There are 2 protein chains.
Amino acid sequence: MHAYTSSRIALPSQSAQVGVPGALDGAAPQPISFYPAGSEIYAQGEKAGAFYQIEFGAVRVYRLLSDGRRQISAFHLAGETFGFEADSTHHFFAEAINATGVRAIRLAADADVSRQLLPLALKGLTRAQEHLLVLGRQTAVERVAAFLLDMAERQGGLDPVELPMSRLDIGDYLGLTIETVSRVFTKLKDKGMIRLHGLRNVEIVKHDTLRNISE
Amino acid sequence: MHAYTSSRIALPSQSAQVGVPGALDGAAPQPISFYPAGSEIYAQGEKAGAFYQIEFGAVRVYRLLSDGRRQISAFHLAGETFGFEADSTHHFFAEAINATGVRAIRLAADADVSRQLLPLALKGLTRAQEHLLVLGRQTAVERVAAFLLDMAERQGGLDPVELPMSRLDIGDYLGLTIETVSRVFTKLKDKGMIRLHGLRNVEIVKHDTLRNISE
DNA sequence: CGGGATCTTGATGTTGATCAAATGCGGTGG
DNA sequence: CCACCGCATTTGATCAACATCAAGATCCCG
């Protein structure tokens, strides 16, 4: 078991306001906040008044049990949004995995925001429910295969895939230990299905075989 | 391993339109459809054009792996809503657990619907993400304890709790086998934490102890 | 009252967790 | 550019929790 002490490495610094493509329509452009690796973006229990769009970097959203067990419910990459909540209170923690730039978008209770947020919320809901199948019913190998394919797809099929997170993060996302994740990587490598160019750089060699594994 | 053949026991019959309290504001009242126990409400891949409000009964929403492994992502009870999707295609199956009456609410792409659907989607998202923690990081006993408390809470603290679903359903919701679910029930009973009045009628004796178990 | 389905209980097997140690990657400073 | 150091990762040995396989016991419903 591991302990996750809240790091609070540094407060985010705010940049001057910069025009960036990909911002949500209709929302007033917001300045970017920078978060160093490992720093907290928000904590469970905090008041929520905004959601966030990632300009660069990567974010983990997670929940803790009182004894320190951690479940990462989602990773978010550049271009993705996260942080919307049901009742204006954060139910999860969010941390920058690496140096990350985030645009906070204030919530207004108007119909426009609803209309824009709804598809994002629904997409997140589908993703979470699909991940339930992985955690509830798939083996370690199937979980890792599904994870790698998901990361590849979300990076636009970029090959090799760049994993922004550690093995510990992957384990806490897949409901596995770091050792099991490592063993599965090794097994996939030995079977020639992936190739590792550095710890966080994975080339998917046999896309189809991997897809078959994850069903 | 179990197989889940699609039942399609019967097509739902439609009642005459009846005024029922609890329908969503602003939506035109819709007739109720009746689904017998085990019948399909919608299937994965089907076109989605409505969402559903349960008048009475209970519904399971689930996904299957190709070899038949099943993960129930959510149970829905009377008064609850389900079936909204990100891209007008159903990504899951929904079945009536028992004889169930459902009000289908057609989707219009207007702002009003967005505003009403958003909180429901966000609530569902939070629930799904919390369930990820259960499936990824909790033991069998913790899972069952959390499940019982959740069911109790959703029935308004009604004691004893009425479980509309089988042990198999509970197992497929909690990522456990039917045998493990049964053994945990027995253990909780032997420790005096719950009392069973019939298979599907559970009295929670030690609420706090159960809460401590599930963290 | 009978019979099938559901649930419980028992014996054994397997997967992944845990405990422990070695390896090697990546960043730093010389 | 290279050597060193700390930490993440890998690898190995053992253990525990839950799954699987196999009977029984109950419930429920006609």
- Query: Using only helices, what value at 222 nm comes out for the protein assembly as shown when you add -39,500 (n - 2.57) per DSSP H run of length 4 or more and divide by the total residues, to the nearest 500 deg cm²/dmol?
  - Reply: -10500 deg cm²/dmol
- Task: Could you name every residue in the range B:171-197 that has 20 Å² or more less accessible surface in the full protein assembly than in its own chain alone (probe 1.4 Å, ligands and nucleic acids excluded)?
- Result: B:Gly175
- Message: If packing is taken as the average count of other Cβ atoms within 10 Å, what order do B:77-90, A:197-210, A:52-65 fall into, highest mean first?
- Response: A:52-65, B:77-90, A:197-210
- Debye, to nearest 20: dipole size of the range B:138-213, +1 on Lys, Arg Cβ, -1 on Asp, Glu Cβ: 240 debye
- Could you give the angle, 0 to 90 degrees to the nearest 10, between helix A:111-137's Cα long axis and the longest principal axis of the Cα atoms of chain A? 20 degrees
- Task: Could you check the simple spin-label distance between A:Ala108 and A:Thr139, using points 7 Å along Cα→Cβ, in nm with one decimal?
- Result: 5.4 nm
- Note on the structure: Label points for B:Glu215 built 7 Å along Cα→Cβ; distances to same position in the other copies, nm, shortest first, come to 2.5
- When each copy gets a label point 7 Å from Cα toward the beta-carbon at B:Ile178, what are the spacings between them in nm, shortest first? 4.1
- Query: Mind checking the angle between helix A:140-154 and chain A's longest principal axis? C-alpha axes, 0 to 90 degrees, to the nearest 10.
  - Reply: 50 degrees
- Item | Positive-end residue of B:Asn212, B:Leu168, B:Phe185, charge dipole of chain B with Cβ unit charges | B:Phe185
- Note on the structure: In whole percent, the fraction of accessible protein surface over the protein assembly as shown that belongs to carbon or sulfur atoms, probe radius 1.4 Å, stands at 54 percent
- Task: For chain B, give the magnitude of the charge dipole about the Cα centre (Cβ charges: +1 Lys/Arg, -1 Asp/Glu; no others), in debye to the nearest 20.
- Result: 480 debye
- Could you give the size of the charge dipole of the protein assembly as shown about its Cα centre, using +1 on the Cβ of each K and R and -1 on the Cβ of each D and E, expressed in debye and rounded to the nearest 20? 960 debye
- Query: Along the charge dipole of chain B, Cβ charges K/R +1 and D/E -1, which of B:Gly49, B:Gly101, B:Val61 sits furthest on the positive end?
  - Reply: B:Val61
- Along the principal axes of its C-alpha atoms, what lengths does the range B:99-156 span, in descending order and rounded to whole Å? 44, 28, 18
- Message: Could you report the protein assembly as shown's accessible area per residue, 1.4 Å probe, as an integer in Å²?
- Response: 45 Å²
- Task: Report the local net charge at A:Ile194: Lys and Arg +1, Asp and Glu -1, summed over other residues whose C-beta lies under 11 Å from its C-beta.
- Result: +2
- When the distances between all Cα atoms of the range B:67-215 are binned every 10 Å from zero, what whole-number percent does each bin get? 9, 37, 34, 15, 4, 0
- Task: Could you state, as a whole-number percent, how many of the C-alpha pairs of the protein assembly as shown are farther apart than 27 Å?
- Result: 56 percent
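The values are calculated or read from the model by the stated rules, or taken from the named source; none is laboratory data. Predicted model only: the values in this text are computed from it and were never measured. Using ideal geometry, Cβ is built from the backbone for each residue, glycine included, and neighbour counts are taken over all protein chains shown. Only protein heavy atoms, including side chains, enter the accessible area calculation; ligands, DNA and RNA are left aside. Shrake-Rupley method; radii C 1.70, N 1.55, O 1.52, S 1.80 Å.
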